[in-house]
1. Pull up all non-local amide H partners of Ile46: gap of 5 or more, or a different chain, and H-to-H distance under 5 Å with H placed in the peptide plane.
2. With label points built 7 Å along Cα→Cβ from the Cα atoms of Val40 and Leu5, find their separation and express it in nm.
3. Residues with beta-carbon under 14 Å from that of Gln12, excluding Gln12: net charge, scoring Lys, Arg +1 and Asp, Glu -1?
4. Near Val40, within a Cβ-to-Cβ distance under 11 Å, what is the net charge of the other residues, with Lys and Arg +1 and Asp and Glu -1?
Amino acid sequence: MPDGLEAVQQAQDFRPELILLDIGLPTLNGIKAAQRIRDVSPDSKILFLTEESSPDVAEAGFGGRRRWVRRQVRCGKRIVGGSESGQ
């Protein structure tokens, strides 16, 4: 996905069950794209992918339970870890 605006358009066109969304998208970041996606495809679940380690970044703009995946690169190998938080 080249940018957040295209993510919103594709969510509207396809209304997928699950959307994997990078928080660091250009043009429209993943947080803002997700907020727009909620309007055009409210039943889609969004899983954030981020290099951020702060839960506050992944939780921005959403109430209730949230999940995200933090991506890391160490010694040329990609390591993916999952996290969950709730109020």
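1. Ile19
2. Modelled inter-label distance: 1.1 nm.
3. Spelling it out: positives minus negatives among the neighbours equals -1.
4. 0
None of the figures in this text is laboratory data; all of them are computed from the coordinates on show. In this text the structure is predicted, and so the values were computed from the model without any measurement. Here the Cβ is made from the backbone with ideal geometry for all residues, glycine too, and neighbour counts use every protein chain on show.
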